[in-house]
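Read through the structure below, which is laid out as structure tokens, and then see the notes.
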């Protein structure tokens with residue numbers, strides 16, 4: 001009997017170990033896919049760089065189309081913003097049964113909102129806009145770094161990423177209590193995107209912010225940024241919920257986001273920022289930057305210098321009004337190529353220089369918009385002031401340096417190794433090591449940092465010798481059962497106390513089948529990724545199959561897959577879930593890839609290589625569509641679609657005939673008058689969830 | 001073949017390597033060994049650990065020390081999987097009343113008795 005017990009124990013332990021291994025691998029899969037998605041953002045920027053620097057539009061139509069892409073929103077001066085996003089004229093009908101807000105807000109309004117949202121009601125657009133206007137007014141008075149003190153016996157509760165998961169916010173309030181004069185809160189950014197109730201979260205947070213301005217503090221996160229919102233769901237959510245006034249509301253949010261403070265300091269000892277720090281983070285600089293100038297922190301990085309020099313030449317060319325065509329040819333290739341269709345004949349010099357000046361001005365505007373400066377700058381920026389901001393009394397920091405400070409705060413991640421290096425995975429910010437933390441804390445006499453930005457299984461995690469605390473408040477972030485959320489309370493002793501939770505109550509009692517579901521979805525996502533790289537994988541496999549037998553060893557399979565996908569995953573561990581049948585340790589790779597393809601719901605009449613390309617670039621394509629779709633209707637015209645696709649494929653060096661594009665478009669349902677609902681289009685390429 | 005085994009061991013190790021510095025907590029070693037397909041008893045795991053240098057303080061095992069020992073384990077095919085019928089016999093042995101099941105309490109009793 002003893003022997004039997006031991007055997008069972010052995011067997012059971014092995015079973016548990018295997019599950020644990022799978023769970024960790026799954027975690028890794030989700031993380032690496034999430035971050036590689038953020039890497040897509042880099043590709044998108046490379047695409048825009050390419051358009052800006054190298055692409056030669058072959059017609060004025062193309063040129064206009066491209067510049068439209070860069071004009072991400074009309075710029076409004078403050079008064080214009082108030083006028084455009086006016087709410088007073090919006091009537092609230094009698095049939096409206098949701099909560100009514102009046103200003104100044106009172107605690108009753110907050111409770112009314114909480115109840116309303118619990119019952120899935122929606123706040124009327126008029127009140128949303130009103131709230132946003134008041135929030136903006138309030139935020140403008142705040143410094144870049146908020147100061148909080150835990151005098152007497154007050155505790156401060158710090159929450160991390162919420163990502164539109166309203167249930168988690170409700171849980172936090174339920175467990176910890178609502179904000180009040182005796183209950184301070186700091187919310188550390190990333191309130192929106194991914195989850196479906198970002199709007200409700202913002203409304204609630206802003207309401208409490210206005211009712212208890214001394215007790216509630218909000219930090220900006222990297223997702224409080226309209227460029228990121230275009231990709232990750234907030235824009236879509238607002239437009240779906242507010243079909244008539246959505247655009248105004250988005251515009252207001254865009255403005256409110258850039259007025260959010262960048263950091264919070266508790267008792268001068270604990271710094272709370274969303275992402276992290278870098279070896280150049282300078283709190284003095286951060287305190288002085290004009291934070292509202294950073295509407296979107298994501299922007300093109302390279303070729304700032306070179307793209308300007310030709311501009312200078314062009315301006316010089318223009319000031320000498322008698323410049324001949326040679327002066328023009330020295331200009332950047334992008335748009336100062338005079339097309340006979342556009343430019344007036346050079347015979348008429350006056351006309352010509354007028355045209356030139358206009359084009360150059362357009363280009364400067366485009367540049368300006370690209371770097372997202374001066375959307376509400378009161379004075380006109382001259383060309384030279386774009387390069388550096390010189391203020392009589394202030395030190396001469398360049399916009400570039402200030403921008404880096406903000407970027408680092410919002411996007412950086414800690415790493416175990418010493419040093420500080422570029423965060424290539426996310427495409428912004430740095431990886432900072434324990435030595436950077438040490439130096440930073442020393443320099444400003446701080447005790448430790450609190451940050452968020454990364455999902456942690458237990459909702460929180462220490463690193464750098466307990467000097468950096470990551471707090472993450474969105475439970476079940478990847479999938480049901482993936483992780484807990486947490487918040488941290490600090491008293492005057494500044495010793496952290498954690499409370500963890502998981503929104504789906506039964507989540508931690510997940511049955512075997514439910515946990516399987518979580519694991520399954522990770523593998524499904526992985527298989528989709530593999531499919532999206534079919535051609536690259538085939539070439540990689542072929543390089544191991546010199547004799548053209550159609551088979552490769554599993555070992556080579558693992559090496560090849562890693563070299564193509566670069567996700568840093570333990571492929572040999574994952575292999576049993578990804579490769580079903582092998583023969584003598586060899587894999588028939590072609591049929592394996594075919595099996596992968598069959599899993600994806602596809603349009604059969606589109607060439608498979610095209611399908612692959614679309615899959616691979618799906619999120620970028622979606623973002624570009626949303627940028628083009630300036631009225632956020634979800635529709636773009638057939639022509640715009642074609643143009644987009646043509647530009648994109650020329651950049652990606654994809655061979656595509658006109659027939660190819662036509663086939664592609666024909667397979668999509670046309671709504672009404674030749675407009676394409678790109679939501680439908682992209683939906684067609686999403687994986688079908690396999691029925692259990 | 002050895003290279004392939006080493007790659008596999010390294011992969012499994014890295015999944016548990018929290019700080020990406022080629023060390024894991026000594027308490028995870030059992031898990032790693034088992035996820036590589038072995039079925040050792042606790043006693044066997046402990047015995048294996050005596051052959052691997054454990055760094056104090058904190059009890060960490062370095063990949064460099066783990067790799068050769070584990071490679072040998074896999075090459076020698078030690079701690080083979082238990083076939084299903086053997087496990088079935090094991091359960092039957094504990095099922096004194098021959099009713100086709102054992103209760104949780106019984107199982108706990110047997111597993112914790114020495």
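The values are calculated or read from the model by the stated rules, or taken from the named source; none is laboratory data. Note that the structure is a prediction, hence the values are computed from the model and not measured. Methodologically, a virtual Cβ is constructed for each residue, glycine included, from the backbone with ideal geometry; neighbour enumeration extends over all protein chains shown.
Take residue A:267 and decide whether it is touching a strand residue (DSSP E or B) at 6+ places or on another chain (Cβ under 6 Å), surrounded by fewer than 20 Cβ atoms within 10 Å (Cβ to Cβ), assigned by the TED database to the domain that holds residue A:419 and more than 21 Å from residue A:627 (Cβ to Cβ). So residue A:267 fails the test. Looking at B:1, B:88, B:36, just one residue is within 21 Å of residue A:585 (Cβ to Cβ) and at pLDDT below 85, and that residue is B:1. Among the helices (runs of 4 or more DSSP H) confined to chain B, the ones with at least 3 residues that are within 23 Å of residue A:574 (Cβ to Cβ) and more than 9 Å from every other protein chain (Cβ to nearest Cβ) are located at B:2-15, B:63-75.
Yes/no per residue for (1) surrounded by 16 or more Cβ atoms within 10 Å (Cβ to Cβ); (2) over 14 Å from the mean Cα position of the chain (by Cα); (3) modelled with pLDDT under 85:
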| residue | (1), (2), (3) |
| --- | --- |
| B:10 | yes, yes, no |
| B:13 | yes, no, no |
| B:21 | no, yes, yes |
| B:42 | no, no, yes |
| B:70 | yes, no, no |
| B:73 | yes, no, no |
| B:78 | no, no, yes |
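Looking across segment A:546-581, just one residue is away from every other protein chain (no Cβ under 14 Å), assigned to a loop (DSSP other than H, G, I, E, B) and buried (at least 16 other Cβ atoms within 10 Å of the Cβ), and that is A:579.
Are any of the residues in segment A:402-415 in contact (Cβ under 8 Å) with a residue 60 or more places away in the chain, under 14 Å from residue A:270 (Cβ atoms) and surrounded by 23 or more Cβ atoms within 10 Å (Cβ to Cβ)?
The initial filter retains those residues of segment A:402-415 that are in contact (Cβ under 8 Å) with a residue 60 or more places away in the chain, namely A:402-414.
Add one more test, that the residue is under 14 Å from residue A:270 (Cβ atoms), and what stays is none.
No: segment A:402-415 contains no residue that is in contact (Cβ under 8 Å) with a residue 60 or more places away in the chain, under 14 Å from residue A:270 (Cβ atoms) and surrounded by 23 or more Cβ atoms within 10 Å (Cβ to Cβ).
If you go through segment A:217-235 one residue at a time, do you hit one that is free of Cβ contacts under 8 Å to residues at least 24 places away in the same chain, surrounded by fewer than 24 Cβ atoms within 10 Å (Cβ to Cβ) and assigned by the TED database to the domain that holds residue A:183? No; the residues of segment A:217-235 include none that is free of Cβ contacts under 8 Å to residues at least 24 places away in the same chain, surrounded by fewer than 24 Cβ atoms within 10 Å (Cβ to Cβ) and assigned by the TED database to the domain that holds residue A:183.
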